[in-house]
1. Once you place label points 7 Å from the Cα toward the Cβ at Asn338 and Ala257, how far apart are they in nm?
2. How far is it, in nm, from the label point at Val444 to the one at Val412 when both lie 7 Å from their Cα along the line to the Cβ?
3. Carbon and sulfur together cover what percent of the accessible area of the range 175-231 at a 1.4 Å probe radius?
4. Obtain the nm distance between the two label points defined at Leu28 and Asp211 by a simple spin-label model: each point lies 7 Å from its Cα along the Cα-to-C-beta direction.
5. Quick one: order Glu49, Glu327 from most to least accessible surface, probe 1.4 Å.
6. Over all pairs of distinct alpha carbons, what does the Kirkwood formula give as the hydrodynamic radius of the range 351-497, in Å?
7. If packing is taken as the average count of other Cβ atoms within 10 Å, what order do 536-542, 66-72 fall into, highest mean first?
8. Among 384-392, 109-117, 184-192, 312-320, how do they line up from the highest to the lowest mean number of other beta-carbon atoms within 10 Å?
Amino acid sequence: MLVGLRDQMVGDVRPRLFMLLGASAFLLLIGLANALNLMTTRLVVRRSELAVRVALGAAPARLVRQVLVESSVLVGLAAFVGVWLAVVAVRLVVLAPASALPRAGEIMVDWQVLAFTAAVAALLSLALGGMAASRIAGHEVREALTANSRTVAASGAALRRATVVAQVSLTVVLLSGAALLGRSFLKLLRVDPGFSTDHVIVIDATPSIADQQQRLDYYNTLIDRVRALPGVSAVGGGTGVPIANSPPDGGYLMLDAPTDSMTFDAWLTFPASRKGHANYVVVDGDYFKALGIPLKQGRLFDLRDGIEHQPFAVVSQRFAAQSWPGENPIGKIVAFGNMDTDWRSFTVIGVVGDVHDDGLAAAPPPTFYAYYPQRLRTYWPLSLAVRTRGDPSSVIASIRRIVHEVRPDVAVRARTIDRVVATSVADQRFTLFIIVAFAGAALVLATLGVYGIVSYLVTQRTREIGVRVALGAQRSDVLGLVVGEGLRLSLAGIAIGVVLSLLLTRVMSALVFGVSTTDPIAFGAVIGLLLVVAVVAAYVPGRRATRLDPLEVLRSS
């Protein structure tokens, strides 16, 4: 399969970037709806004032310019604050220990970003000002002179309700995405990697040694000396350590009898049913014990398996099931490609558990283990896995000292396996953090939107509420009336948002693990959260409405 260089470099990140771009667009629309609601509300409140100005000779075009200037100032200030926050956020992203974005160090707020921000701000100011000014351009303002309070209250109510519904629906989409990613991340953390992540250190200390026997002597000396350290219980080496160092892979043949040679032509003519593909790992010492990889069948390598013997192999459960389903794999013969210019076949002596070599989100691959003393011509260096009885960081300094004593020219890299596993899910953690931040901001804006529209309606319906109370309405009736208004708007937005989410979250299939993009638990949590928020947002102005004195209200009307 041919893959473009750009796709190879950013292919895994592309869905994540598109999701972040979509979340940014949704948050922008929610903010725009809030701003539009604010401006139209202010315009309704100032409707009589504007009508008087028109009656006294002010040209509608001048009022339109005033509204456009006001919207431009508001959007400009918001853009300035937004750019400052973006600078801070970008610095945090770049300073993160493990960013999920490629070439994160080159991300900055440059002139292109500023130009884009200025263009968006200009478009938004024109859109907001234009929508508000359209109500001034005609005869609506003049009609305000003869309009009663009920007419004024109804003016633009449909638009304000629609913006709140839109805010809630877009918030549902963002919260649904965050809930799905959160559920996916929790599922990922519960995955059994197939090896132990406690008290294990991975040591990379590769020597520049061309001679095969000298290289074996170096690793044997290093393993023996590290094993002798106080607090160390097992040491093993391998050309691949799960997740930390991806092992090479290649093709293999299932043979009927051992062989010391295999021609390329013979390999090509082998039937496809006798061929397979798997990861190839060369190990030494107590590799399986150090990593806690369990033995399922047969035995592991030991000192009996010397150079003079026919090469032995240990395979993973998936390798055995893939190659000999329903059969006993012990004693089977395998020729594993030409991984080290040694064409001798292997005899399987044991089966171990499957491990997630390529990360927790990837299925455990079939894995083939060879014994290093029998495959000295392997091209790949060994990484050491060191199991300790206590805190693994306490022996790292001693291991570095031993490496430098054995080979002063070798650079040492040490890391705990739990740190390796944590780093492997850094991309998912980063994406979850960003989308939760967007969803949290959207939830705050939606809450303000519901609160704002309910507060405005309570203010405009003060006389009506006073009459209801005077005629015997209970405080609970008034509270139910106000909260019910907020709930109706929120339920409409939730219904639309759920439909949008079911359509849009399908594109997140590449970003979630172990959950469906229509996961009922995630959607149920989002709906429940928004209903609670809607009740709280409407309860505050509703509570204020229950404290109105009907005599004062009727007297002031």
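The values are calculated or read from the model by the stated rules, or taken from the named source; none is laboratory data. What you see is a predicted model, and the numbers here were worked out from it, not measured in a lab. Cβ: placed from backbone, ideal geometry, glycine included. Neighbour counts: every protein chain shown. In case anyone asks, the SASA skips ligands and DNA or RNA and just uses the protein heavy atoms, side chains included. Shrake-Rupley method; radii C 1.70, N 1.55, O 1.52, S 1.80 Å.
1. 2.4 nm
2. The modelled label-to-label distance comes out at 4.7 nm.
3. That share works out to 49 percent.
4. Once both label points are built, they end up 6.6 nm from each other.
5. Largest accessible area first, the residues go Glu327, Glu49.
6. The answer is 23.0 Å.
7. Top of the packing list down: 536-542, 66-72.
8. Details: 384-392: 21.0, 109-117: 11.7, 184-192: 15.3, 312-320: 24.1.
In decreasing order of mean packing, 384-392, 109-117, 184-192, 312-320 become 312-320, 384-392, 184-192, 109-117.
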